[in-house]
Amino acid sequence: KNGFFSGLTAMEKKLAEYKCNTNEAIQLKLVRFPEDLEDESTTFNPEYSHQVFGDDEVAFGYKGLKILLYYIAGNLSTLFRIEYASKVNDKFDCVEADDVESKIREIIPPGFCTNTDDFVSLLEKEVNFKPFGMLLHTYSIHNEEAGEDITYQIYKADMTCPGFREYHERLQTFLMWFIETASFIDVDDERWNYFLVFEKYNKDGATLFATVGYMTVYNYYVYPDKTRPRVSQMLILPPFQGEGHGAQLLETVHRYYMSSPTVLDITAEDPSENYVKLRDFVLVKLCQDLLCFSPVKLMQGFSQEMVTEAQQKLKINKQHTRRVYEILRLRATNMGDAEQSRSYRLDVKRRLIGPYKKKQRELAKMRRCLRPEEMTNQLNQIDLNLQREQLEESFQQLVSDYRRVLERLAQA
C-alpha cells in the first residue's frame, strides 16, 4: 500500500513541477530604449489571465515558463516569445504540454516579432510615431523620480485615422490582462469613440510619444435626436497607474461631450468599484461650484434643480448627481452635531432603502398566497432587523468611500 501511494505522489510531484502560474509567467513591457529589454524594473505582470488560461490561471507542461509580451511604448509593435527551462515529453511522461503559443496568438494580432533583433530595429522607427486623431487636452504631472514635470496629451481618435485600427488591435490586448470581464468591441460600429492618453518623452533630442491608457465610449441613440454616451472600457496601463491619469481622462471626456448640444448625459456599463471612486471624484470636482450645490441648498435636500443643472451643464445623469449631492452634503455637514448627522443619515438611508422596500412588497405578495397571516408578521419582523443591520452597514461603507473622495478633492 505504502509503495503504491509513494509512487503516486512521486509522479504527482513530478507533474506539479511542470505547472506554472500564468500571471507570473506572462511578462509585459513597454519599451522606449534598447536597455529596457534587460531591465527587470520595466517588467510588469497581468492581474488576470483566466480568460486565456482558464480559472486556475495555470499552464501545464513547462518548467520555468516565461511568456514574453513586449510592446514598443508608442505604437505598441509587439515582441512575443516563449522561453522555458524544460518541457514534458510525450514519449516519457505520457502527458502533453499545453499549447501556450496558440492561446496567446488568439488574442494578439498577427504581425508580431519573434526575435529581439527585429524588435530593436523597429524601435528605431518609433520616432515617426504620432498620436492619432484630435488633441483635446494637455496637462503635466510632476515626476519625483525624474525630478521634472512630464507632459501628457489626450486625443480623440476614430477608425478613419490611418493606422489606428491596427494600433487599437494591439492596445486592446491589454484588457485581457487587467480587466476581469474584458471583451473586444466591434470596431466596425461607427458609434464608438476612442480617447487616448499619451506621454511626451525625449530620446536623442527628439520628442516621442508613449501610450498611457485609453477609454472607449459608445454613443447610444435616444429618441428623437439625442445621444447618451456610455463608457465601456477604461484602462490606464500599470506603469502609469496611481498618477491621476484616469481622472484627467474622465474629466476630458466629460468636457468633450459637454460642448455637444445633442448629448443628454453620460453613463457607464457595469462599472468597477475603482471606476465608481474615480467618477465620484471627477463629478464632484466638476459640480462643486454649481449654484444648486451651495451649502444652503445642500441642507434643504436633493432637488430637481440639481438634476437639471448637472445634466444640462455637465451631462451628468440623475443617479450620479444624487451621489454627488450626498458627497457634497457630507462635506457641508457637521457630523459631530447630533441633529445634522441624524438628518444626513436619514436622507441617505431613505435612498438606500428603496430597493429593500420593493423586495419587501414582492415577498409580502408571495407570502399572502402561501402562508397564514401570523407567520408573515413574524417573518417581516426578522426581515426588518436584518434589513436595519444591512442598511447601517451600507451607510457606513458609503460614508467612508465619500470621505476618501473628499480627501482627494482637498488635495487636488
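The values are calculated or read from the model by the stated rules, or taken from the named source; none is laboratory data. Model, not experiment: these values are computed from the prediction. FYI the Cβ positions are ideal-geometry reconstructions off the backbone, even for glycines, and counts take in every protein chain you see. Ligands, DNA and RNA are excluded from the accessible area calculation, which covers all protein heavy atoms including side chains. Shrake-Rupley method; radii C 1.70, N 1.55, O 1.52, S 1.80 Å.
Amide H contacts under 5 Å for Leu30: Tyr71, restricted to partners 5 or more places along the chain or on a different chain, H placed in the peptide plane at 1.01 Å from N. Heavy atoms of the protein chains alone define the surface here; on that basis region 290-342 has 51 Å² accessible area per residue at 1.4 Å probe size. Taking the helices alone, the chain has a mean residue ellipticity at 222 nm of -14500 deg cm²/dmol, built from -39,500 (n - 2.57) per DSSP H run of at least 4 residues and averaged over all its residues. Couplings for region 109-115, taken from phi via the Karplus curve 6.51 cos²θ - 1.76 cosθ + 1.60 with θ = phi - 60°, read x, x, x, 7, 8, 10, 10 Hz in order; Gly and Pro are left as x. Relative intensity of region 13-126 on a log10 scale, I(q)/I(0) at q = 0.13, 0.21, 0.22 Å⁻¹, equals -0.53, -1.16, -1.24, per a Debye sum over C-alpha point scatterers of equal strength in the absence of solvent. Taking label points 7 Å from Cα along the Cα-to-Cβ direction, Arg367 and Phe184 give a separation of 5.2 nm.
Loop by DSSP (not H, G, I, E, B), at most 14 other beta-carbon atoms within 10 Å: where is the longest site-free stretch of the chain for trypsin sites (Lys or Arg not before Pro)? It runs 192-412. In this structure the amide hydrogen of Ile150, modeled in the peptide plane, comes within under 5 Å of the amide hydrogens of Ile141, His142, Asn143, none closer than 5 places in sequence on its chain. Shown is the FRET efficiency for Ala85 and Leu386, computed with R0 = 51 Å from the Cβ-Cβ distance and rounded to the nearest 0.05: 0.40. Distances between placed amide hydrogens fall under 5 Å for Gly213 paired with Val197, Leu237, all partners being 5 or more residues away or on another chain.
For region 169-268, the list of GluC sites (Glu not before Pro) that fall in a loop by DSSP and count at most 11 other C-beta atoms within 10 angstrom reads Glu180, Glu190. Karplus-derived 3J(HN,Hα) values for region 318-335, using 6.51 cos²θ - 1.76 cosθ + 1.60 with θ = phi - 60°, are 4, 4, 5, 4, 4, 5, 4, 4, 5, 5, 5, 5, 4, 5, 8, 9, 8, 5 Hz; glycine and proline are entered as x. Specify the inter-centroid distance of region 79-143 and region 386-400, based on alpha-carbon positions, in whole Å. Cα centroid of region 79-143 versus Cα centroid of region 386-400: 46 Å apart.
In the complete set of protein chains, residue-level accessible area for Ile236 is approximately 20 Å², probe 1.4 angstrom. 3J(HN,Hα) couplings calculated from phi for region 73-89 with the Karplus curve 6.51 cos²θ - 1.76 cosθ + 1.60 (θ = phi - 60°) are, in sequence order, 3, x, 8, 6, 4, 10, 10, 10, 9, 10, 10, 7, 7, 7, 9, 5, 10 Hz; Gly and Pro show x. Please compute the contact order of the chain in relative form: average sequence separation of alpha-carbon pairs under 8 Å and at least six residues apart, divided by the residue count, as a percent. Value for the chain: 9 percent.
Express the carbon and sulfur contribution to the solvent-accessible surface of the chain as a percent, rounded to the nearest whole number, probe 1.4 angstrom.
49
Annotation note: GluC sites (Glu not before Pro) in region 55-131 located in DSSP loop regions with a Cβ neighbour count of at most 11 within 10 Å are Glu96, Glu106. For region 29-45 versus region 305-352, the inter-centroid distance based on Cα atoms is 46 Å. Per the Debye calculation on region 167-237 with a single equal scatterer at every Cα and no solvent contribution, log₁₀ I(q)/I(0) for q = 0.18, 0.20, 0.25 Å⁻¹ amounts to -0.78, -0.89, -1.14. Across Thr114, Thr9, the residue with the most accessible area heads the list, and the full order at a 1.4 Å probe is Thr114, Thr9.
Computing Cα extents along the principal axes in Å directly from the structure and comparing it against [x] 160, 58, 37; [y] 73, 73, 46; [z] 155, 59, 35 singles out [y].
Sorted largest first, the principal axis extents computed over the alpha-carbon atoms of region 44-188 equal 60, 39, 28 Å.
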